[in-house]
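To start, the structure under review is shown below, and the notes come after it.
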Amino acid sequence: MKIGKFAETNRLSIDAVRHYIDLGLVVPEKKGGQYVFDNRCQEDLKLIREYKELGFSLNEMKLIFLYRKFGSLAGYEQEDAYQAFFRDKYQRTGEEIEVLERARLKLKERIDQFRGEAGKTDRQTGINLRWLDLLNCPVCRGPLTLEEGEVIRNQVTGGRMVCSCGESFVIQDGILIAGGLDRGHEQSLLAADIPGYIQETDAGYLENLHKGLQWGERKLAEQNLHGKVMLELGSGIGFFLRYIYKALPQDSLYIAVDHSLGKHRFLKGLLDRVDGGPPILYICADFLNIPLKQRSVDMVVDHSGTSNYSFEHEAFLLREVDELVKDSSLLLGSYICFNRFSSGSRIEAQYRHNFIARNILQNIQELGYTTVEDRLLEPVGRGGKYENFFVEGEEVVPYLYIGKR
């Protein structure tokens, strides 16, 4: 619905709605110069009203929304900085007059909810036996056979996948390790410090991240993903996957590929505690040695995977892995682009072509994809402590894309 109808339906002034948009509390989609509000906006407004009843200011709500969006499924509820919002308010309401009693009780319920979440036990998951047929040797493209398998409820949690050419790959804690293993210091993970990351990162950069996640979720919701195989290139700590996980159909398969075993373990530990969602096949491998059958993937999720690869490679990653993707497929991507490069740019000259939106689009089109929708978000000149590619005089613009072939 349009802004006037949204305001009327919710008994708000248009100015109030615009103020919520400016603060990033409600993020409608913009089409043809007009805002379009959907159920996600309605849910965010419901949360605004709930938090307003609790006595939070709009600026406090903005921080809480950031914890919810970027800490999705990451245990942000257990962070002291996050819980302090509710504990402090709870203590103050004890001194307030009768009209605040209802807010105090709601805060108590929320704190009890935190404790309940902390008591959840992990499920033990692995590679479902029926998905083993998707695996192929990345060296000779021959089939892989399970040896010395540890199987619990049709889930392979340990063992080896062996090829007749002599290659073999270990399954450890339900994760297939196919080379390219990064054994670096893993606990510098962003997810371990979400409160610090939010506080130290530029607000405009965070808003772009938020808009990109919401846009991607909306575009996925428009697709029929039942029974589909999805491949994410560079899943990392699962920023995008955690955001969309519960919305994915349970009869689909999501393949998360990353070269970091520590990040896979972190992500798997989180999702193993969540009810619902599709099975996840975790593969620890270099992008050029993913042990999957050719033409087995229905949808590629390229949430900055190509961009991160392009910091050190001239090749366009989607071209390198295209043999794994079906001729009829979907692509959902988010790419780091630069408006211009300064003389002191941290992007080496030979890699810059993959950080220009028109070049990215051209590469995608040459792979046979037809654009369903794409957009550039607002340029920003600063990121956070993990975005070390920013230098003075350069602006980064996220490029969002969905297409099919």
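Every residue in the range 204-245 that is of a type in the set (Gly, Ala, Ser) and either surrounded by 20 or more Cβ atoms within 10 Å (Cβ to Cβ) or touching a residue at least 40 places away in the same chain (Cβ under 8 Å) (or both), please.
The answer is Gly204, Gly212, Gly216, Gly234, Ser235, Gly236, Gly238.
Just to confirm my filter: which helices (runs of 4 or more DSSP H) fall fully inside the range 39-107 and include at least 2 residues that are at pLDDT 90 or above and within 30 Å of Asp272 (Cβ to Cβ)?
Answer list for the range 39-107: 39-53.
For the range 318-328, check the following and say yes or no: at least one residue is part of a loop (DSSP other than H, G, I, E, B) and either in contact (Cβ under 8 Å) with a residue 40 or more places away in the chain or more than 24 Å from Ser252 (Cα to Cα) (or both).
yes
Look at the range 313-340 and say how many of its residues are surrounded by fewer than 16 Cβ atoms within 10 Å (Cβ to Cβ) and either polar (S, T, N, Q) or at pLDDT below 95 (or both).
Residues flagged as surrounded by fewer than 16 Cβ atoms within 10 Å (Cβ to Cβ) and either polar (S, T, N, Q) or at pLDDT below 95 (or both) within the range 313-340 amount to 3.
Please find, among Ser334, Ser310, the residue that is among the hydroxyl-bearing types (Ser, Thr, Tyr) and over 16 Å from the mean Cα position of the chain (by Cα).
Answer to the check: Ser310.
Taking Ser168 as the residue in question, decide whether it is loosely packed, with under 14 Cβ neighbours inside 10 Å and modelled with pLDDT of 90 or more.
So Ser168 does not fit the description; no.
Run Ser304 past the list (1) loosely packed, with under 15 Cβ neighbours inside 10 Å; (2) at positive phi; (3) not basic (Lys, Arg) and report the number of the one that doesn't hold.
Looking at each condition in turn, Ser304 falls short on (1).
Would you tally the residues in the range 286-325 being of a type outside the set (D, E, K, R) and under 11 Å from Asn354 (Cβ atoms)?
11
So which pairs qualify, if the first residue must be in the range 284-302 and closer than 14 Å to Ala315 by Cβ, the second must be aromatic (Phe, Trp, Tyr), the Cβ gap must be under 7 Å, and the two must be at least 6 apart or on different chains?
Cβ pairs passing all conditions: Phe287/Tyr309.
Do any residues in the range 251-275 that are assigned by TED's automatic domain parsing to the domain that holds Ala285 and part of a helix (DSSP H, G or I) have Cβ atoms under 8 Å from those of residues that are of a type in the set (Asp, Glu) and modelled with pLDDT of 90 or more, where the two are at least six apart or on different chains, and which pairs are they?
That search, which allows pairs on different chains as well, returns His264/Asp258; Arg265/Asp173; Lys268/Asp173.
What residue, of Asp302, Asp275, Asp286, Asp298, is among the charged types (D, E, K, R) and at pLDDT below 90?
Exactly one residue qualifies, and that residue is Asp275.
The values are calculated or read from the model by the stated rules, or taken from the named source; none is laboratory data. What you see is a predicted model; the values in this text were computed from it and never measured. Neighbour counts run over all protein chains shown; Cβ positions are idealised from the backbone, glycine included.
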